[in-house]
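Since the structure comes first, as structure tokens, the remarks are kept for the end.
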Amino acid sequence: MSEEKKDHKKEDFEPKIVGFLCNWCSYAGADLAGTSRIQYPPNVRIIRVMCSGSVDSMYILRALLEGADGVFVGGCHPGDCHYIDGNYKARRRMVLLENILGTLGLEKERVWLRWISASEGQKFADTMKEMAEAVRKLGPSPIAKHWNL
Amino acid sequence: MTHKVIKVKDNDVVGSTNDFLRNLLSSGKIQALLVPQNTPSKKVAFPVLISDPKKLHADIVAPILPASTATIVSKMTKVQPPSKPIGVVMRSCQIRALIELVKLNQASLTNIVIIGVDCPGTFPTNTYTEFPEKKTPTQFLLEAWTKKSDEAEKYFRSACRVCKDPIPTNADIILGFYGADIEKEIIVEAHSEVGKNILKELPLEDEEEGKSREKAVKELREEKAKKRAVFLKEKEGLKGIDKVSEFFDKCVNCHNCRQACPICYCKECLFDSSVFDAEAYKFLRRAEIKGLFKMPNDALLFQLGRMNHMILSCVECGLCEQACPNNIPLMDVFIPAAENAQKEFDYQPGKDTKEKIPMIVYREDEFLEVGEK
Ligand code: SF4
Ligand code: SF4
Ligand code: FES
């Protein structure tokens, strides 16, 4: 088996997921999961942001092009954004991003947006498990092996 | 709507429209006119802002779009709009772009009289200046038109071949070729009160049969829609990172495409900012992720980032493609992307200045499944 093929073996593949978490909700949710000692897969690399509405699609694209196998955006539940409408705007942006990735066939399944509040430590852990599993099934991102981007 | 005609004298379409434009400028209804006119070398027609009717030798047929007219109108109006009306002669894609710029607070329509011209299509600037036929591009186009032949088609820019709508909308006055027997006359329609007031003052003849225009426009739109469907089908295969990265392989990240785009108006584009300047060790670290990486860096990120920022307002003018030094056929990805994204948000750029661009508004009860799955 060539080096490349080996890379693609799914069983021993650990997805790299970049997570942009809103300071006021999902980030606190992740914190709660931690302090409550709820186990979740270590695949996610967390980046704290002030609001899901501050996640420009550029951040997501950069992560994907640089080799992330998945990108997660966590925001406050609709109606709960601390800046009133950041998450509604994030939702529109996500629809647009997915649409463009869909047109170009660029792995839109690897980008997730979820609402997770500060009190939902368990939901955070469950969502991370769910996403790690889903991305593991998808296999390593084909974008990751391209160096000519 | 006022229907009138310009009588074409001695089979001289350009000359006859110039008589009309000179009358318009002399009437005092407008203080100046922005209109394509050949430069002294006669090699290329550029938008020229004309205040003296005697200096007007325009060519509204000239099949060339060297730069965005919408951007020019934005430049002329965004600091302070004119205090008296200026007429601007524009093609449909540029009017659409201007409407988007107004929504983005980058242009004003105050005292701007839009004179829309039916667009048969335009040639790439270099084809226009090095035109291989014995005639001028304008003569060639007019002759092909009267013969109803499609021999000009092969010279058109790809954006023009599959243009969404070559008939101007949101114009005050339309100069129409479709549905007219252009050896005899050119149609002049007023589509606003401003337009009506202007036409009233000008020596024009009444149009006899308005029906032929309606029919021609309908047929043209159907034909364009068919061509567009074929194009979209053809480009469907351009999917997946292998094909997409190959498509952009020649991109040198020069940002010319963005510079030529009427919609990209940001004073400081993120992609020109110091965000992309980094210490050597950061470049090395990036190389280490994949073992190597291509320079100039972040070309695909630029393309996808730009698309995310402006595709909902993309008017498919193709100026980006025309500007690319490496001839990347950008419309092959921008048209399908614009088509799909604009459908998703049920948004038509250029339709209505009162409509808000989708990324600044939202509804609480929309896209409910997103974020919940
Ligand atoms: S992206 Fe290209 S086709 Fe679209 S508006 Fe800009 S220049 Fe015109
Ligand atoms: S003009 Fe062409 S080479 Fe320059 S950035 Fe745009 S696509 Fe790339
Ligand atoms: S503050 Fe959490 S999504 Fe806006």
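The values are calculated or read from the model by the stated rules, or taken from the named source; none is laboratory data. None of these values were measured; they are calculated from a predicted model. All Cβ positions, even for glycine, are placed from backbone atoms using ideal geometry, and neighbour counts span all protein chains on display. Only protein heavy atoms, including side chains, enter the accessible area calculation; ligands, DNA and RNA are left aside. Shrake-Rupley method; radii C 1.70, N 1.55, O 1.52, S 1.80 Å.
The single condition among (1) open to solvent by 20 Å² or more (accessible area, probe 1.4 Å); (2) more than 8 Å from ligand 1 (Cβ to nearest atom) that residue B:321 does not satisfy is (2).
Cβ separations smaller than 8 Å between residues 6+ apart or across chains give the following pairs from segment B:345-361 residues that are at positive phi to residues that are small (Gly, Ala, Ser) and open to solvent by less than 30 Å² (accessible area, probe 1.4 Å): B:350/B:97. Within segment B:337-358, restricting attention to residues that are among the hydrophobic types (A, V, I, L, M, F, W, C) and in a loop (DSSP other than H, G, I, E, B), the residue that is surrounded by the most Cβ atoms within 10 Å (Cβ to Cβ) is B:345.
Answer yes or no as to whether residue B:308 is within 13 Å of another protein chain (Cβ to nearest Cβ), within 24 Å of residue B:229 (Cα to Cα) and open to solvent by 30 Å² or more (accessible area, probe 1.4 Å). Even if it seems obvious, please write down each step before you answer.
Working: within 13 Å of another protein chain (Cβ to nearest Cβ): yes; within 24 Å of residue B:229 (Cα to Cα): yes; open to solvent by 30 Å² or more (accessible area, probe 1.4 Å): no.
Criteria not met by residue B:308.
Within segment B:203-219, being assigned to a loop (DSSP other than H, G, I, E, B), at pLDDT 85 or above and either out of contact with any strand residue (DSSP E or B) (no Cβ under 8 Å at 6 or more places or on another chain) or acidic (Asp, Glu) (or both) holds for one residue alone: B:203. Apart from one condition, residue B:317 fits all of (1) under 28 Å from residue B:73 (Cβ atoms); (2) more than 11 Å from ligand 2 (Cβ to nearest atom); (3) assigned to a helix (DSSP H, G or I); the exception is (3). Residues that are touching a Ser or Thr at 6+ places or on another chain (Cβ under 8 Å) number at least 2 in the following strands (runs of 3 or more DSSP E) confined to segment A:34-119: A:70-75, A:111-115.
The condition of being outside any helix (DSSP H, G or I) and either among the charged types (D, E, K, R) or buried (at least 23 other Cβ atoms within 10 Å of the Cβ) (or both) holds for only one of B:29, B:54, that being B:29.
Taking the criterion of being more than 28 Å from residue B:342 (Cα to Cα), within 8 Å of chain B (Cβ to nearest Cβ) and touching a residue at least 12 places away in the same chain (Cβ under 8 Å), would at least one residue in segment A:101-115 satisfy it? No, the conditions are met nowhere in segment A:101-115.
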